[in-house]
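Each value in this text was obtained by applying a stated rule to the coordinates, not by laboratory testing. Because the structure is a prediction, the values reported are computed rather than measured. Here the Cβ positions follow ideal geometry from the backbone for every residue, glycine too, while neighbour counts run over all protein chains shown.
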Ligand SMILES: [Zn+2]
Ligand SMILES: [Zn+2]
């Protein structure tokens, strides 16, 4: 069974993927700080299009990255949990928010990005 299985806080949106995670990165960008309410977000990359949703489809907020590319921030329309981002700059990957996984025991960040805007 794939390690990629999870959902939002209220359970309206559930997801799974048969693909294995590609990498895990911490993002310190100010947009992730605002969206998550935390100091950074923990993002697990999976192959684009490999996620299957069960229950409701996530809602979408269309954000822009610093390069001007689109960042589709997808979240539960009912409880507001951030679920994943689709980033124009990484067209082969979807970035899942690790905190929504059912099992986070294997999550090991390998990189940090946007460190200039990291909270002290
Ligand atoms: Zn929800
Ligand atoms: Zn970010």
Seminar exercise, completed: Within the set 54, 33, 110, GNM on the chain using Cα springs under 10 Å gives the largest fluctuation to 110
Seminar exercise, completed: The base-10 log of I(q)/I(0) that the Debye equation returns for the chain at q = 0.10, 0.13, 0.22 Å⁻¹, one scatterer per C-alpha, is -0.27, -0.46, -1.42
Problem set entry | Relative contact order of the chain, pairs being alpha-carbon contacts under 8 Å that are 6 or more residues apart, as % | 32
Seminar exercise, completed: Ranked from fewest to most other Cβ atoms within 10 Å of their own Cβ, 61, 15 fall in the order 61, 15
For this session: Can you give me the P(r) profile for segment 50-120? Cα pairs, bins 5 angstrom wide beginning at 0, each as a whole percent.
Result: 3, 13, 20, 25, 21, 13, 4, 1
Exercise. Given labels modelled 7 Å from the Cα in the Cβ direction, how far is it in nm from residue 72 to residue 36?
Worked result: 2.2
Problem set entry | Percent antiparallel among DSSP beta bridges (both partners in the chain, rounded to 5) | 90
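Roughly speaking, what is the stretch gain from residue 23 to residue 115, that is 0.36 nm per residue apart minus the C-alpha to C-alpha distance, in nm to one decimal? Don't skip to the end; give the middle numbers.
Values: separation 92, 0.36 × 92 = 33.12 nm, distance 1.76 nm.
Gain on stretching residue 23 to residue 115: 31.4 nm.
Which order results if 100, 92, 30 are arranged by neighbouring Cβ count within 10 Å, fewest first?
Values: 100 22, 92 9, 30 13.
Exposure proxy ranking, most exposed first: 92, 30, 100.
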